[in-house]
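Quick notes on the structure that follows.
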2 protein chains.
Amino acid sequence: MLKTTSEILRDKGITRPTILIDQARAEDNIRRMAEQATSAGAMFRPHFKTHQSGVVGRWFHEAGVRQITVSSLAMAEQFAGLGWRDITVAVLHTPLADQQAQRLARRLHQRGGRLGLLVADQEVAARVSARMTAPTDIWLKLDTGYGRTGIRWDDRKTLHDVLNACRELTTVRGLLTHAGHSYAARGRQQVSAIYDESLARMRAARRQSGRDDLLLSFGDTPCCSLVADLSACDEIRPGNFVFNDLMQLQIGSCGAEQLAAAVACPVIGVYPERQQVVLHGGAVHLSKEHLLDPDGVASYGCLGTVTAAGLGTVVPGARLVSLSQEHAVVELAPAAADLMTDLVPGDLALVWPVHSCLTCNLLRDQMAVPLAF
Amino acid sequence: MLKTTSEILRDKGITRPTILIDQARAEDNIRRMAEQATSAGAMFRPHFKTHQSGVVGRWFHEAGVRQITVSSLAMAEQFAGLGWRDITVAVLHTPLADQQAQRLARRLHQRGGRLGLLVADQEVAARVSARMTAPTDIWLKLDTGYGRTGIRWDDRKTLHDVLNACRELTTVRGLLTHAGHSYAARGRQQVSAIYDESLARMRAARRQSGRDDLLLSFGDTPCCSLVADLSACDEIRPGNFVFNDLMQLQIGSCGAEQLAAAVACPVIGVYPERQQVVLHGGAVHLSKEHLLDPDGVASYGCLGTVTAAGLGTVVPGARLVSLSQEHAVVELAPAAADLMTDLVPGDLALVWPVHSCLTCNLLRDQMAVPLAF
């Protein structure tokens with residue numbers, strides 16, 4: 001089976017670790033999430049940090065997307081340069097970035113667009129409000145249970161203080177949260193429980209603010225993929241869903257047929273005596289993100305297949321059990337024993353990454369190459 | 001203390017996660033390792049995958065280095081373009097890369113240099129030998145106990161088969177190993193034991209090969225830093241030592257005053273109620289490499305100081321306890337409690353990375369900026 005995978009990858013001229021995107025699957029993933037937003041009556045502002053790619057951005061544009069989320073001002077400038085005009089930078093703003101934000105807000109405003117910034121601190125809000133020289137959207141970052149950044153949903157005083165600090169050319173658009181603890185959930189029921197709690201907390205914060213006009217913006221792929229009814233949100237900002245990965249598969253937010261990004265890696269060593277093959281493909285290609293499999297073993301990815309039509313599926317019993325800077329060690333269970341005899345150095349293997357956002361970030365310079373099948 | 005660190009970093013105009021290199025420390029680290037090689041009578045062929053930087057490469061050149069190691073043909077081409085002529089690619093060669101290797105070997109040969117390739121498979125060796133069109137050095141990769149790639153030191157048959165497969169324009173220069181299991185050792189005694197065993201196994205393999213002329217090439221920073229006498233090696237290839245990091249500090253192969261690379265990160269959230277600050281600086285800046293501290297807690301880095309003269313030292317009790325794509329959560333123990341009151345959003349913190357090679361790989365495009373103090 002993988003022999004065929006190797007031949008197909010070789011026919012593509014691949015000689016080193018290279019990321020492959022299945023365009024049809026990615027477009028399906030985009031369409032499905034856009035429909036999810038439409039049926040909820042929510043704006044769809046996908047997070048572009050997952051792919052960081054102008055080409056993939058165009059697929060979103062073709063699906064009707066005009067508003068995007070990014071994770072840094074530098075990434076906002078990249079996509080502004082590609083024509084995007086309505087951009088939220090979803091990392092808390094600091095005064096360090098005031099000048100860069102001013103420039104970008106003017107640039108987007110001149111083209112009829114908007115920059116959105118996140119604040120959660122009274123002084124930062126007052127300062128950025130006083131300094132902006134073009135209309136700017138402000139989102140108050142709420143911590144609804146993840147415990148990383150933002151104003152705690154029940155911290156009424158800070159919420160008021162930050163709200164009142166915003167003035168001049170800034171407009172407080174709403175409350176924004178990222179329920180990142182959904183990544184520790186498994187299955188629709190657990191994920192939905194996190195969503196329900198987070199949304200209830202956002203609504204409670206909005207009531208306490210006395211500002212009924214504030215929009216509610218909600219992130220994270222597990223919730224946006226699995227929750228049946230997102231209509232309490234005014235905006236959704238998932239990113240990971242465009243490619244999915246083994247982490248989303250383990251959470252249950254996608255099926256294997258929705259995995260849209262994989263890494264082709266040269267086989268450099270074959271070791272039947274220890275039932276392992278070694279790939280050129282390490283932490284600098286895949287990232288050191290790992291999963292704990294149900295049997296408690298750490299996994300840095302697993303092998304997969306391709307067909308002439310596109311990416312295939314997961315090979316059972318062929319997981320990456322260790323990862324150094326340039327190398328991956330793949331352990332082959334009895335279920336994958338035929339690979340042991342089929343593979344030779346110079347073959348190519350397909351690896352499904354644990355976290356596609358980190359893998360794309362590492363390999364984004366090569367992503368344009370064999371983008372479509 | 002960190003207030004001063006923040007002010008110094010702010011004076012440098014830093015506004016986003018940025019890698020800082022202390023040139024004086026890096027040059028000291030280079031000089032010390034070059035002396036270690038000289039006193040052992042070994043060639044010094046440092047691994048450039050750690051820094052991937054033309055500027056840092058020049059510091060090596062000024063210390064007399066003319067032979068280097070890299071981890072891919074692409075990186076070899078990068079350094080060939082910068083004038084380096086004697087380059088070993090220390091990842092097992094595969095037939096996928098034959099054409100690229102041919103071109104590079106011709107290019108280096110025309111300039112009086114040499115390309116070195118690693119093989120451990122009879123068919124790969126026969127094929128590359130038949131195909132090279134310029135003199136090329138071949139190193140037989142030996143597995144002396146790490147258990148990742150290479151011919152097992154006691155596998156006499158494969159050793160002979162691969163040796164005999166090399167012909168035409170290729171010259172077998174020697175046996176090469178990377179004792180990567182030294183990273184799991186702690187202290188000079190444990191590291192030296194791994195070195196002694198690996199060297200004994202290399203020498204045994206050389207005896208079995210019947211080829212007294214084969215050189216012995218040895219890698220890894222812990223062994224090359226800590227072993228008192230490396231004179232049994234003909235060549236050493238450490239890389240990590242140029243910057244060191246928390247992993248090398250934990251192993252014992254450097255002191256805090258030899259840490260030469262750190263990442264300046266904006267403080268974006270301050271949370272006294274949970275004794276945490278949150279930094280803009282995540283897996284895409286630092287990598288998800290972690291250490292287990294002696295108390296069993298996973299750490300993705302820790303805070304440090306800078307002075308006007310250069311990088312400073314480690315702040316006790318201020319470690320990164322979790323890391324997402326763009327964020328680090330720093331937990332402040334009572335020893336670091338003053339930071340809790342000093343820091344505000346918009347300050348800058350200094351983070352010592354766990355593994356400087358992976359951090360440099362992620363931030364290498366920004367590395368040239370504030371390179372020296």
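The values are calculated or read from the model by the stated rules, or taken from the named source; none is laboratory data. In this text, all values refer to a predicted model and were calculated from it rather than measured experimentally. Glycine also receives a Cβ, built like all others from the backbone with ideal geometry; neighbour counts cover every protein chain displayed.
Considering only residues that are over 21 Å from B:ASP86 (Cα atoms) and surrounded by fewer than 19 Cβ atoms within 10 Å (Cβ to Cβ), which ones fall in region B:106-126? Across region B:106-126, the qualifying residues are B:GLN122, B:GLU123, B:ALA126.
Can you find a residue that is surrounded by 17 or more Cβ atoms within 10 Å (Cβ to Cβ), within 14 Å of chain A (Cβ to nearest Cβ) and over 22 Å from B:THR305 (Cβ atoms) anywhere in region B:198-214? No, region B:198-214 contains no residue that is surrounded by 17 or more Cβ atoms within 10 Å (Cβ to Cβ), within 14 Å of chain A (Cβ to nearest Cβ) and over 22 Å from B:THR305 (Cβ atoms). Name the single residue, out of those in region A:61-78 being in contact with a helix residue (DSSP H, G or I) (Cβ under 7 Å, 6 or more places away or on another chain) and either surrounded by fewer than 18 Cβ atoms within 10 Å (Cβ to Cβ) or in contact (Cβ under 8 Å) with a residue 40 or more places away in the chain (or both), that is farthest from the other protein chains (Cβ to nearest Cβ). Result: A:GLY64. Do we have any residue at all in region B:177-188 that's among the β-branched types (Val, Ile, Thr) and within 13 Å of chain A (Cβ to nearest Cβ)? Checking region B:177-188: not a single residue is among the β-branched types (Val, Ile, Thr) and within 13 Å of chain A (Cβ to nearest Cβ).
Kindly indicate whether any position in region A:169-182 is under 30 Å from A:VAL55 (Cβ atoms), touching a residue at least 60 places away in the same chain (Cβ under 8 Å), part of a strand (DSSP E or B) and of a type in the set (A, V, I, L, M, F, W, C). For region A:169-182, residues under 30 Å from A:VAL55 (Cβ atoms), touching a residue at least 60 places away in the same chain (Cβ under 8 Å), part of a strand (DSSP E or B) and of a type in the set (A, V, I, L, M, F, W, C): present. Of the listed requirements (1) under 16 Å from the mean Cα position of the chain (by Cα); (2) of a type outside the set (A, V, I, L, M); (3) outside the structural domain of A:ALA90 (by TED's automatic domain parsing); (4) in a helix (DSSP H, G or I), A:PRO222 misses just one: (3).
Look at A:ARG237 and say whether it is surrounded by fewer than 23 Cβ atoms within 10 Å (Cβ to Cβ) and not aromatic (Phe, Trp, Tyr). Criteria not met by A:ARG237.
Kindly indicate whether A:ASP161 is touching a residue at least 12 places away in the same chain (Cβ under 8 Å) and assigned to a strand (DSSP E or B).
When the stated conditions are applied, A:ASP161 does not pass them.
Among the helices (runs of 4 or more DSSP H) confined to region B:1-112, the ones with at least 3 residues that are more than 30 Å from B:ASP347 (Cβ to Cβ) are located at B:23-40, B:54-62, B:73-81, B:98-110. Residues that are away from chain B (no Cβ under 14 Å) and assigned to a loop (DSSP other than H, G, I, E, B) within region A:289-333 comprise A:ASP293, A:PRO294, A:ASP295, A:GLY296, A:VAL297, A:ALA308, A:ALA309, A:ALA333, listed in sequence order. When A:LEU362 is tested against (1) at pLDDT 85 or above; (2) surrounded by fewer than 20 Cβ atoms within 10 Å (Cβ to Cβ); (3) not basic (Lys, Arg), only condition (2) is not met. Restricting region B:120-144 to residues that are assigned to a loop (DSSP other than H, G, I, E, B) and modelled with pLDDT of 95 or more, the residue that is nearest to B:SER198 (Cα to Cα) is B:THR144. For region B:244-288, what are the residues that are assigned to a helix (DSSP H, G or I) and within 17 Å of B:ARG16 (Cβ to Cβ)? Selection gives B:ALA283, B:VAL284, B:HIS285, B:LEU286.
The condition of being within 21 Å of B:VAL172 (Cβ to Cβ) and in contact with an Asp or Glu (Cβ under 8 Å, 6 or more places away or on another chain) holds for only one of B:GLN67, B:GLN102, that being B:GLN67.
Screening region B:254-288 for residues that are away from every other protein chain (no Cβ under 14 Å) and farther than 14 Å from B:LEU320 by Cβ and picking the one that is surrounded by the fewest Cβ atoms within 10 Å (Cβ to Cβ) gives B:GLY255. Taken over region B:327-336, residues that are surrounded by 14 or more Cβ atoms within 10 Å (Cβ to Cβ) and in contact with a Gly (Cβ under 8 Å, 6 or more places away or on another chain) amount to 4.
For region A:337-359, give me each residue that is surrounded by fewer than 18 Cβ atoms within 10 Å (Cβ to Cβ) and at the interface with chain B (Cβ under 10 Å from one of its Cβ atoms). Matches in region A:337-359: A:VAL344 only. Filtering region B:215-229 to residues that are more than 21 Å from B:ASN164 (Cβ to Cβ), crowded, with 20+ Cβ neighbours inside 10 Å and in contact (Cβ under 8 Å) with a residue 40 or more places away in the chain leaves B:PHE218, B:GLY219, B:ASP220, B:PRO222, B:CYS223, B:CYS224, B:SER225. Scanning region B:289-313 for residues that are among the hydrophobic types (A, V, I, L, M, F, W, C) and buried (at least 17 other Cβ atoms within 10 Å of the Cβ) yields a total of 5.
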